[in-house]
Amino acid sequence: MLVDSGRRGVVRFVWTLILGLFLGGLLTKLAEMTLPEGAAPREFLLTSVSASVGPLSVDLVAVAFALGPVTLELNVLTLVGVAAVAWFVRSWI
């Protein structure tokens, strides 16, 4: 099944963002484990900005559920992960 180019671009962007966030999270955890406590590079790389949404409650007649809170934390290594995946996807595809 062929997908039009506009939809394919959106799907590629979403997957790039998701994979980049996972890679950035992995890089963040590795930096937490390896860099010494109180070092300037550690403080620079691991200082993050958080945004959260939630909780979201949905109450339907047959089903009720709550989702939340959903939190997004961004730091330098997260942005590096997203940029690395975007570079790889652009050069590969």
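Readers should treat all values here as calculations from the given coordinates under stated rules, not as data from a laboratory. What you see is a predicted model, and the numbers here were worked out from it, not measured in a lab. No Cβ is skipped: glycine too gets one built from the backbone with ideal geometry, and neighbour counts run over all protein chains shown.
Taking every DSSP helix (H) stretch of at least 4 residues in the chain, weighting each as -39,500 (n - 2.57) and dividing the sum by the residue count yields a mean residue ellipticity at 222 nm of -19500 deg cm²/dmol. Please work out the ratio of the alpha-carbon Rg of the chain to 2.2 N^0.38 Å and round it to two decimals. With N residues counted in the chain, Rg over 2.2 N^0.38 Å equals 1.45.
Whole-Hz Karplus values for segment 75-89 come out as 9, 4, 5, 5, 5, 5, x, 5, 5, 5, 5, 4, 4, 5, 5 Hz, taken residue by residue from phi with 6.51 cos²θ - 1.76 cosθ + 1.60 and θ = phi - 60°; glycine and proline positions read x.
Projecting the Cα atoms of G81, L46, A31 onto the charge dipole of segment 5-92, computed from C-beta unit charges around the Cα centre, puts G81 farthest toward the positive end. Residue by residue, segment 17-31 carries 3J(HN,Hα) couplings of 5, 5, 5, x, 5, 5, 5, x, x, 5, 4, 5, 5, 5, 5 Hz when phi is fed to the Karplus relation 6.51 cos²θ - 1.76 cosθ + 1.60 (θ = phi - 60°); x denotes Gly or Pro. With a simple spin-label model that places each label point 7 Å from the Cα along the Cα-to-Cβ direction, the separation between A66 and L35 comes to 3.6 nm.
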